[in-house]
């Protein structure tokens, strides 16, 4: 591909004002500069690619993209190098984002469950569907490992290219706030986009809830149709501010799509779904009001994708749920163990308030907070847990570079003034074993925070294998041997 052709399909058409040449690739990684590539200078939190621009040309780069005049012979100045990089990656892969219908889901909680439900519906209705999300990426039935909810720009476009090459008709993806503000999705346009909710998270990156909200809102500037949870205060605001075609969803009041008469149980949920003057009785294996919200919005998204109710509802009824999302871990005992990815105050409240409704014994919540992340949510998570649980076991999560004890002290500050019983067991493996020892008949243990993860992140970014399903099995075996 010629340099002029590469830029010709972007908003920077005509930016090449120096001699044309063949291009060997596109990168923003200074370690991957090669002869003939276009190097895009991106300024990150700890490294500024502009410092490598001159070196990139010395190494034979065809051009460098910068955000300011560096006085270089083969430079192209862009108002946003991140945005330009997204467009260039799309152009390099032949604009795969234009070759499939795309459904996006954004929000703090619920994205993974919703995208999995939507993918299952689309697949059952004959669409070959790609999935991009937190747990894994998928092309049809093929599973691909992922490191980010929304992949980095080049990887994202490469993945879409694979999906297009393998004849996918549609893509359903989790769209993170990072992916939006960093323009990782390039020029992707969405046929339908869904907003789940907005609660405190990622403030270590965004700074304020207002900036976090603005990041999420960006998705609806590039969407044809929006499906929005208007029970959420930020959802109400979003619904009033966006200009695309839009539909509201609610469990509490009048909306385009409504759910009421909710009946929760340990083995599933029943409710009535209303839309456009029609009512449908829904029964599903997933439990929790938050999953009613997820399913209601998934239904609305698929209706607006053109799939009729009679094809959607049977898939919802048979969906087993998603790994690490209110997942029951088999114990063979007279108590229940659930694991859930809840790692924000709102998510903790959602899972515990739902379980509280059908818990016949004590509700025991085991949780910690991740290191090197928004520390202000730590006491808030503790308060949320204390509001619903009978017993808290405060432990470690992914401490990363922080001392687990320091994180736990932040958590315990949120328990001051509460009368909820708690114990501290810093080692998470020992904490899970303690929970199993304390469990009585009818109790429900909620292991919050790890969900689908099968690792723990320690100092120096060391990852150790840690799967709570295995830890529970080991703990039960140990109990049986006593």
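Readers should treat all values here as calculations from the given coordinates under stated rules, not as data from a laboratory. Treat the numbers as computed from the prediction; the structure is a model and nothing was measured. Every residue, glycine as well, gets a Cβ built from its backbone with ideal geometry; the counts of neighbours run over all protein chains shown.
Points to keep in mind about this one:
- Look at (1) 25.8, 84; (2) 24.0, 78; (3) 22.9, 69: the one that is Rg and Dmax of the Cα atoms in Å derived from this structure is (2).
- Prolate/oblate/rounded call for the range 135-227, Cα gyration tensor, a/c under 1.5 rounded: prolate
- With Cα atoms defining each centre, the range 150-225 and the range 273-291 are spaced 27 Å apart in the structure.
- Helix-derived mean residue ellipticity, 222 nm - over the chain, DSSP H n ≥ 4, -39500 (n - 2.57), to 500: -9500 deg cm²/dmol
- With both residues required to sit in the range 3-92, DSSP beta bridges show an antiparallel share near 10%.
- Mean separation of Cα contacts under 8 Å, 6 or more apart, over the residue count of the chain: relative contact order %: 10
- Nearest-ten-degree value, helix 309-318 long axis tilted from longest Cα axis of the chain: 60
- Helix 289-305 and the longest principal axis of the C-alpha atoms of the chain enclose an angle of approximately 40°.
- Degrees between helix 111-124 axis and first principal axis of the chain (Cα, 0 to 90, nearest 10): 80
- Antiparallel DSSP beta bridges within the chain, as percent of all bridges there, nearest 5: 35
- Beta bridges per DSSP with both ends in the range 327-480, % antiparallel, nearest 5: 25
- Relative intensity of the range 3-92 on a log10 scale, I(q)/I(0) at q = 0.20 Å⁻¹, equals -0.85, per a Debye sum over C-alpha point scatterers of equal strength in the absence of solvent.
- A viscosity of 1.306 mPa s and a temperature of 10 °C, combined with the Kirkwood radius over C-alpha pairs in the Stokes-Einstein formula, give the range 96-318 a diffusion coefficient of 91 µm²/s.
- The range 237-300: relative contact order in percent, alpha carbon pairs under 8 Å with at least 6 residues between: 25
- Size descriptors for the range 327-480 (Cα atoms only): Rg and Dmax, in that order, 14.3, 43 Å.
- Taking 135, 312 and counting other C-beta atoms within 10 Å, the order from fewest to most: 135, 312
- Cα centroid of the range 431-467 to Cα centroid of the range 1-67, whole Å: 45
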